[in-house]
């Protein structure tokens, strides 16, 4: 698996990262089909396979049910992984609410450290509610994350944005942006281009449109989706959430094939 620099953070991540919503939450998700949250044995197997396939990067969040706790308990060689988590969103009783205060941000980071059994967190993003610029200018989460970085509790920070305006601000002032990019949604392309200019980290979300890119779900196909994402300079990694070992292996193989073709073209 190809490893890329996460901008200028000093962190190196695999071009595919494992999304872990399905390890802890099955409510209010946007996948084309239902699923059953895997038991501990199944989680151990998928994590072992993930590592075997060369993936070292995992995405989680407090809003993903008990995903953080399960990763802390079940990750093999847990300190060898790069883990990205978030602050701001609280998912309870089937609905989300948000808190971007400094106090909640610090509490959330300290809780994630405990759950993930870590002394520091690699990447922490603000989980936007869609009002990116309000969070940036009127809330305290980003300033608190900067303080936590200076204190050594986190290595890098940024935001999982919803708007191009917010994404551009993040890449100009923070370390990492989580941006949307897929065949149906290119609104963050200027964000990715600006991040490339500034050597900032870009993690792509919704590259497979929450599973809807698959031809069986009416999409253009997984291969075309990967080609679209990885053809853009500046992309550090793309998150793919799956609990299906066959799908994980297929995604890795497709990634290898797509990157080989793109490299032959000089991309």
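General remarks:
- Qualifying residues in the range 110-153 (those that are closer than 11 Å to residue 83 by Cβ and in contact with a helix residue (DSSP H, G or I) (Cβ under 9 Å, 6 or more places away or on another chain)) - the one surrounded by the most Cβ atoms within 10 Å (Cβ to Cβ): 124
- Selected residue [surrounded by 15 or more Cβ atoms within 10 Å (Cβ to Cβ) and modelled with pLDDT under 95] from 91, 100: 91
Every residue, every condition in (1) touching a helix residue (DSSP H, G or I) at 6+ places or on another chain (Cβ under 7 Å); (2) over 30 Å from residue 136 (Cα atoms), yes or no:
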{"site": "184", "(1), (2)": "yes, no"}
{"site": "188", "(1), (2)": "yes, no"}
{"site": "193", "(1), (2)": "no, no"}
{"site": "206", "(1), (2)": "no, no"}
{"site": "225", "(1), (2)": "no, yes"}
{"site": "232", "(1), (2)": "yes, no"}
{"site": "235", "(1), (2)": "yes, no"}
{"site": "250", "(1), (2)": "no, yes"}
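- Residue check for residue 72: free of Cβ contacts under 8 Å to residues at least 40 places away in the same chain and part of a helix (DSSP H, G or I): no
- Yes/no for residue 156 being more than 25 Å from residue 48 (Cβ to Cβ), under 15 Å from the mean Cα position of the chain (by Cα) and in contact (Cβ under 8 Å) with a residue 12 or more places away in the chain: yes
- Residue list for the range 76-85, restricted to those being touching a strand residue (DSSP E or B) at 6+ places or on another chain (Cβ under 8 Å) and either in a loop (DSSP other than H, G, I, E, B) or surrounded by fewer than 24 Cβ atoms within 10 Å (Cβ to Cβ) (or both): 81, 82
- Listing of helices (runs of 4 or more DSSP H) fully contained in the range 146-255 that carry 1 or more residues being within 26 Å of residue 34 (Cβ to Cβ) and modelled with pLDDT under 95: 222-230
- Selection from the range 243-267 of residues that are free of Cβ contacts under 8 Å to residues at least 60 places away in the same chain and touching a strand residue (DSSP E or B) at 6+ places or on another chain (Cβ under 9 Å): 247
- Residues in the range 115-131 that are touching a residue at least 12 places away in the same chain (Cβ under 8 Å) and more than 23 Å from residue 179 (Cβ to Cβ): 115, 116, 117, 118, 120.
The values are calculated or read from the model by the stated rules, or taken from the named source; none is laboratory data. Please read all numbers here as calculations on a predicted model, not as lab measurements. Backbone-built Cβ (ideal geometry, glycine too); neighbour counts: all protein chains shown.
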